[in-house]
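**Student:** Before I ask anything, here is the structure I am working with.
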């Protein structure tokens, strides 16, 4: 088993081969982890929330659900999940997002740069990052469509385990946006098992 | 004013310059039109549902809302809308989708190929098409996240008008999926005004 520790507001990129399991752990609680993935040998095949919504018939990915690529191939399946609430709607936080939503003009750590930076070694650029699977992010939708970001339901030690259904290049970032993490950005731990 | 008629299950690509208005009309009723867009001179800047959800605070784009790019720049704003229900969650229908969801093995017209084909002259490939703005598509979300596709609320002659907030390359397809269009694929009409 390989262990990876993500400091707050950082990201990491790695290969995850078919059958391997990725456990994403929230060691302190209330911390979001953005995950994005490409097919191992084809950057034109990427994690697609729109296909996952369609093929699973829901916006909430739960145990037993499959995360699909834009070509409708299974990428990751949800094997274990002690939280049962993750987001797949929001684009990753970005420099522009912090400027527009919060008026932050200075450079701010953000998931878009952390995900793209972690995958740069595989040839990925920021414009190739679509909507990540935002693990532990707690988004509610009112009947009129209004979105509300709540604090994550994850407590210290909670986790989700995803099994690779194809060979993948994966990036995970410990989310940098205070609003998603009950105003305190914390670390994320990863475990990769054969 | 330029008029474009889309036969059922076809698409078209065109330039829409800042300030121009695109009126998308459902001439017979209950017909979805998928729309996707890129910045005029940068295929790395594309229509982003995830940014639009974030900056508008809702999954339903209505009059006054702005559709944003992945770089958080305004692309299109909703000026007029006689229907008030459009989808921005579902990936465009595709050959693989028809195979998985409906067991269709033969070649089937689909929005992904129609959108990408219409934009091919600008250098676009299918893997560059993210989630379109699915005009007139009627999707409901239950509190548990379950998605239901209903028949469009659009009646014959209903329309939406979008104003370009930057110079754009746009594609629109008359959707090819029966389930989205009350089981009968119909035409779509477009009008472009200065």
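Rule-based calculations on the coordinates, nothing more; no lab input. Worth saying up front: this structure is predicted, and the values here are computed from it rather than measured. Glycine also receives a Cβ, built like all others from the backbone with ideal geometry; neighbour counts cover every protein chain displayed.
**Student:** Being in a strand (DSSP E or B) and farther than 20 Å from residue A:185 by Cβ is the filter here, so list the residues in the stretch A:8-28 that pass it.
**Tutor:** A:14, A:15, A:16, A:21, A:22, A:23
**Student:** Is it true that residue B:119 is in contact (Cβ under 8 Å) with a residue 60 or more places away in the chain, in contact with a strand residue (DSSP E or B) (Cβ under 9 Å, 6 or more places away or on another chain) and crowded, with 17+ Cβ neighbours inside 10 Å?
**Tutor:** Details: in contact (Cβ under 8 Å) with a residue 60 or more places away in the chain: yes; in contact with a strand residue (DSSP E or B) (Cβ under 9 Å, 6 or more places away or on another chain): yes; crowded, with 17+ Cβ neighbours inside 10 Å: yes.
Yes.
**Student:** A further question on this structure: What is the one condition in (1) touching a residue at least 40 places away in the same chain (Cβ under 8 Å); (2) assigned to a strand (DSSP E or B); (3) buried (at least 23 other Cβ atoms within 10 Å of the Cβ) that residue B:31 does not satisfy?
**Tutor:** Status for residue B:31: all satisfied but (2).
**Student:** On the given criteria, is residue A:130 closer than 28 Å to residue B:128 by Cα and part of a loop (DSSP other than H, G, I, E, B)?
**Tutor:** So residue A:130 passes the test.
**Student:** Filter the stretch A:74-107 for residues that are over 20 Å from residue A:141 (Cα atoms), out of contact with any helix residue (DSSP H, G or I) (no Cβ under 8 Å at 6 or more places or on another chain) and part of a loop (DSSP other than H, G, I, E, B); which is nearest to the other protein chains (Cβ to nearest Cβ)?
**Tutor:** Once the filter is applied, the top-ranked residue is A:103.
**Student:** In the stretch B:45-58, what count of residues is obtained for those that are assigned to a strand (DSSP E or B) and either more than 10 Å from chain A (Cβ to nearest Cβ) or in contact (Cβ under 8 Å) with a residue 12 or more places away in the chain (or both)? Walk me through how you get there before you give the answer.
**Tutor:** Within the stretch B:45-58, the subset assigned to a strand (DSSP E or B) is B:45-47, B:58.
Keeping just the survivors that are either more than 10 Å from chain A (Cβ to nearest Cβ) or in contact (Cβ under 8 Å) with a residue 12 or more places away in the chain (or both) gives B:45-47.
Residues in the stretch B:45-58 being assigned to a strand (DSSP E or B) and either more than 10 Å from chain A (Cβ to nearest Cβ) or in contact (Cβ under 8 Å) with a residue 12 or more places away in the chain (or both): 3 in total.
**Student:** Moving on to the next point. Kindly indicate the residue of the stretch A:34-43 that is surrounded by fewer than 22 Cβ atoms within 10 Å (Cβ to Cβ) and touching a residue at least 24 places away in the same chain (Cβ under 8 Å) and also nearest to residue B:146 (Cα to Cα) among those meeting that condition. Write out each step before concluding.
**Tutor:** Let us first name the residues in the stretch A:34-43 that are surrounded by fewer than 22 Cβ atoms within 10 Å (Cβ to Cβ), namely A:39-43.
Subsequent filtering for residues that are touching a residue at least 24 places away in the same chain (Cβ under 8 Å) retains A:39-41, A:43.
Details: A:39: 27, A:40: 31, A:41: 33, A:43: 30 Å.
Going through the qualifying residues, I end up with A:39.
**Student:** Right, here's the next one. I need the full set of residues from the stretch A:82-96 which are touching a residue at least 12 places away in the same chain (Cβ under 8 Å) and surrounded by fewer than 20 Cβ atoms within 10 Å (Cβ to Cβ), in order please.
**Tutor:** Of all residues in the stretch A:82-96, those touching a residue at least 12 places away in the same chain (Cβ under 8 Å) come to A:82-95.
Correct list: A:82, A:83, A:84, A:85, A:95.
**Student:** Right, another one. Checking residue B:77 against (1) within 14 Å of the chain's Cα centre (by Cα); (2) farther than 24 Å from residue A:128 by Cβ; (3) buried (at least 21 other Cβ atoms within 10 Å of the Cβ), only one condition comes out false. Which one?
**Tutor:** Only one criterion in (1) within 14 Å of the chain's Cα centre (by Cα); (2) farther than 24 Å from residue A:128 by Cβ; (3) buried (at least 21 other Cβ atoms within 10 Å of the Cβ) is unmet by residue B:77, namely (3).
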